[in-house]
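The values are calculated or read from the model by the stated rules, or taken from the named source; none is laboratory data. None of these values were measured; they are calculated from a predicted model. As a convention, Cβ positions derive from the backbone with ideal geometry for all residues, glycine included, and neighbour counts pool all protein chains shown. SASA here: full protein model, heavy atoms, side chains in, ligands and nucleic acids out. Shrake-Rupley method; radii C 1.70, N 1.55, O 1.52, S 1.80 Å.
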Amino acid sequence: MKKIYLIILALFPLLTYGQANKIFRKALKATDLNERVELFTQVINLDPKKLDAYFYRGIAKNDLGDYEGAIIDYSKIIVFDPDADTYYNRGNSKYSLQDFEGAKQDYESAIKLDPNFIDAMYSLGCAKYDLGDYKNAITDFTKVLSQAPQAKIFTLRASAYRALKDYKEALKDYTYAILITGNSDDYYNRGEFYLSVNLYKKANADFSKSIKLNTNNSFAYFFRGTTYLLLGKYEHAISDFTKSLEFDITDFDAMLGLALSYNKLNDFNRAKMYFQKAKTILSSNKNDAEGLTLFKNTYWSQNQNYIFSKDYEALNAL
């Protein structure tokens, strides 16, 4: 009996290994993420040293939004056999939790193990950007662009240049993005940049191109309306702000744009109506502020404060 028992014990690890591999293959084919997590968990219970099961379970957890759980799985792999892909994936999970410093460290570790890991380099630039390290983010984006010139990366680098107030380089990158894809978003991004540096005619032209390429770009209508208002074309501004409200009837910024435009046309009844509507919405958003401070979180107060504060008293007196 002892010999038979010993033979059974010797066969047990082989049976367990085979069963684990069978379940592992089934898990890879599963389309339901919760099922995948459960199957990979079964694999790990049978074979705790099967690091691939931790890796794929981590991916499934991440896709389910269980970023903490994914990080735990990736960390188990890193303890025993660190590799670039696992560091990169763990960095992505940390990034999703807005742990940008932790994500940055993981992306750096991934690149150290694989210097040609272009996705990790791109993500490292994004993490540095979100940490406010714009200069080094630009360096990373530049490295990525040398290997894979993409519109979205030019746009990100443009935003970094813009944060550093290097507007000349920012404009170049926004334009490069347009040359690559020339879609609605690219024209919108450059138009918003032009608006921020008070080049209203150029901004208006880009917003018009953005709308032509995508008539559902609601933000483009609002900002084109803003350029029309700043250019003194009040009726055009009213048309665009009205269109913007069709996308969102609670858009208090569009309402304020209408109030400002109607006030310029001396249509005080409509100006008062839209100004009061905007005040009602802002007051209902658990905002206890009064007077001009009620509008502190609006586009007009934050980006066109000179114009808004100048006209506020007239609107408030209506």
In terms of the alpha carbon gyration tensor, root eigenvalues a ≥ b ≥ c, rounded if a/c is under 1.5 and otherwise prolate when a/b exceeds b/c or oblate, the stretch 243-318 is rounded
Residue-normalised 222 nm signal for the chain, counting each DSSP H run of n ≥ 4 as -39,500 (n - 2.57), nearest 500 deg cm²/dmol, is -25500 deg cm²/dmol
What FRET efficiency would be calculated for the residue pair ASN136, ASN45, taking the C-beta separation as r and a Förster radius of 35 Å, to the nearest 0.05? 0.20
For the residue pair LYS201 and THR242, what label-to-label distance in nm results when each label sits 7 Å from Cα along the Cα-to-beta-carbon direction? 2.7 nm
Taking the highest mean first, how do the peptides 103-110, 146-153, 49-56 order by number of other beta carbon atoms within 10 angstrom per residue? 103-110, 49-56, 146-153
Check cross-link reach from LYS168 to the lysines: straight Cα distance under 19 Å, and skip same-chain residues fewer than eight apart. LYS135, LYS152, LYS201, LYS202
Which whole-number percent gives the relative contact order of the chain, counting Cα pairs below 8 Å spaced six or more residues apart? 6 percent
How big, on average over all directions, is the shadow cast by the Cα convex hull of the stretch 175-293, in nm²? 7.9 nm²
At a 1.4 Å probe radius, carbon and sulfur cover how many percent of the accessible area of the chain? 52 percent
Show me the three semi-axes of the equivalent ellipsoid for the chain, from the C-alpha gyration tensor (sqrt of 5 times each eigenvalue), largest first, rounded to whole Å. 55, 24, 17
